[in-house]
Amino acid sequence: METTLASVGSHVPDFEMETYEPAHSDFGKVSLADIKKAGKWTVLVFYPADFTFVCPTELADLADQQEKLASLGAHVIAVSTDTKFAHMVWRNTEGLMKNVKYTLAADTTGAVSRLFGVYDSSTGLALRGTFIINPEGKLVSSEVNFYNVGRDAGELVRKLEANVHLMANPSEACPAKWTPGAKTLKPGKDIVGNVEAALK
């Protein structure tokens, strides 16, 4: 059966996964429909597997940014094809995971990983994919790395900040390395060939 792939600029089909919720030390479920109903942004961070090497460094880095991401209205979900039980044990034994309070989702069938094009059928694992979905359910950012390159959660924060700003100011565009308070661009004929001047 052919899987529809979520693509940037399109609306993401609803999905649901079982979870381990470190903030409550309990199991649960997460669904895109519920996150949209709450008016929140969805940040999906796929990683290959629990009890591996680069993965806990990434999830610890993400934990350092979880309060900032939450303040921007994001529901953060880290996803692998491991079970919710493996998530619980890994979270509670690996020292780098001690500050993780965001949702750990179990995509045991690989269905959600396939939806986002990060499922590696040769291993049954997910590549390092990071996706931002706006409160309307539109995919606005996509990044995929291979197994051996870890990500920087600070850049994820910057991308979310830019997308939050642009949702509130749809006539603007954010230039490279934009951060809150910096000048944005207003695309139009007057700045064609004059972007340098427009940024001053």
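The values are calculated or read from the model by the stated rules, or taken from the named source; none is laboratory data. If you're wondering where the values come from, they're calculated on a predicted model, not measured in any experiment. Glycine gets a Cβ as well: all are built from the backbone with ideal geometry, and neighbour counts include every protein chain shown. Ligands, DNA and RNA are stripped out before the accessible areas are found, and what is left, the full protein with its side chains, is counted by its heavy atoms. Shrake-Rupley method; radii C 1.70, N 1.55, O 1.52, S 1.80 Å.
Does residue 84 satisfy the condition of being of a type in the set (D, E, K, R), buried (at least 18 other Cβ atoms within 10 Å of the Cβ) and either farther than 13 Å from residue 21 by Cα or in contact (Cβ under 8 Å) with a residue 40 or more places away in the chain (or both)?
On the way: of a type in the set (D, E, K, R): yes; buried (at least 18 other Cβ atoms within 10 Å of the Cβ): yes; either farther than 13 Å from residue 21 by Cα or in contact (Cβ under 8 Å) with a residue 40 or more places away in the chain (or both): yes.
So residue 84 passes the test.
Confirm whether residue 68 is of a type in the set (D, E, K, R) and either within 20 Å of residue 156 (Cβ to Cβ) or buried (at least 23 other Cβ atoms within 10 Å of the Cβ) (or both).
Details: of a type in the set (D, E, K, R): yes; either within 20 Å of residue 156 (Cβ to Cβ) or buried (at least 23 other Cβ atoms within 10 Å of the Cβ) (or both): yes.
Considered against the rule, which asks whether it is of a type in the set (D, E, K, R) and either within 20 Å of residue 156 (Cβ to Cβ) or buried (at least 23 other Cβ atoms within 10 Å of the Cβ) (or both), residue 68 comes out as yes.
Pairs under 6 Å by beta carbon, first residue farther than 22 Å from residue 7 by Cα in region 140-159, partner modelled with pLDDT of 95 or more and open to solvent by less than 40 Å² (accessible area, probe 1.4 Å), six or more apart or different chains?
From residues that are farther than 22 Å from residue 7 by Cα, the pairs are 150/58.
The conditions are (1) in contact (Cβ under 8 Å) with a residue 24 or more places away in the chain; (2) closer than 26 Å to residue 148 by Cβ, and residue 53 fails exactly one of them. Which is it?
(1)
Please work out which residue is most open to solvent (accessible area, probe 1.4 Å), limiting yourself to region 145-191 and to residues that are charged (D, E, K, R) and over 20 Å from the mean Cα position of the chain (by Cα).
Residues of region 145-191 that are charged (D, E, K, R), as a first pass: 151-152, 155, 158-159, 161, 172, 177, 183, 186, 189-190.
Right, trim to over 20 Å from the mean Cα position of the chain (by Cα) and you get 172, 183, 186, 189-190.
On the way: 172: 37, 183: 102, 186: 131, 189: 170, 190: 118 Å².
Among those residues, the one meeting the criterion is 189.
Considering only region 26-50, how many residues are among the basic types (Lys, Arg) and free of Cβ contacts under 8 Å to residues at least 12 places away in the same chain? Lay out the reasoning, then the answer.
Applying the first criterion (among the basic types (Lys, Arg)) to region 26-50 yields 29, 36-37, 40.
Checking which are free of Cβ contacts under 8 Å to residues at least 12 places away in the same chain leaves us with 37.
Going through region 26-50 one residue at a time, the tally reaches 1.
Just the residues that are outside any loop (DSSP other than H, G, I, E, B) and closer than 29 Å to residue 121 by Cα, please, taken from region 63-86. Working first, answer last.
At the first step, the residues of region 63-86 found to be outside any loop (DSSP other than H, G, I, E, B) are 63-64, 66-71, 74-80, 84-86.
Within region 63-86, 63, 75, 76, 77, 78, 79, 80, 84, 85, 86 meet the criteria.
Collect the residues in region 6-37 that are over 16 Å from the mean Cα position of the chain (by Cα) and either at positive phi or open to solvent by 70 Å² or more (accessible area, probe 1.4 Å) (or both), keeping them in residue-number order.
18, 24, 25, 26, 27, 29, 34, 37
Answer yes or no as to whether residue 184 is under 20 Å from residue 58 (Cα atoms), of a type in the set (Val, Ile, Thr) and in contact with a strand residue (DSSP E or B) (Cβ under 7 Å, 6 or more places away or on another chain). Lay out the reasoning, then the answer.
Values: under 20 Å from residue 58 (Cα atoms): no; of a type in the set (Val, Ile, Thr): yes; in contact with a strand residue (DSSP E or B) (Cβ under 7 Å, 6 or more places away or on another chain): yes.
No.
Which of the residues that make up region 106-123 are assigned to a strand (DSSP E or B) and aliphatic (A, V, I, L, M)?
Of region 106-123, the ones assigned to a strand (DSSP E or B) are 106, 119-120.
The answer is 106, and nothing else.
Test of understanding: among 60, 70, which residue is hydrophobic (A, V, I, L, M, F, W, C), more than 17 Å from residue 137 (Cα to Cα), over 13 Å from the mean Cα position of the chain (by Cα) and at pLDDT 95 or above? Before you say what the answer is, go through the steps one by one.
Details: 70 fails: over 13 Å from the mean Cα position of the chain (by Cα).
After ruling out the rest, the residue left standing is 60.
For (1) farther than 16 Å from residue 41 by Cα; (2) not hydroxyl-bearing (Ser, Thr, Tyr), each residue gets a yes or a no:
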| position | (1), (2) |
| --- | --- |
| 121 | yes, no |
| 124 | yes, yes |
| 134 | no, yes |
| 150 | yes, yes |
| 166 | no, yes |
| 184 | yes, no |
| 187 | yes, yes |
| 198 | yes, yes |
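Could you list, in sequence order, the residues of region 87-105 that are part of a helix (DSSP H, G or I) and open to solvent by 10 Å² or more (accessible area, probe 1.4 Å)?
Initial filter on region 87-105 (part of a helix (DSSP H, G or I)): 87-93, 95-97.
Of everything in region 87-105, those that are part of a helix (DSSP H, G or I) and open to solvent by 10 Å² or more (accessible area, probe 1.4 Å) turn out to be 88, 89, 91, 92, 93, 95, 96.
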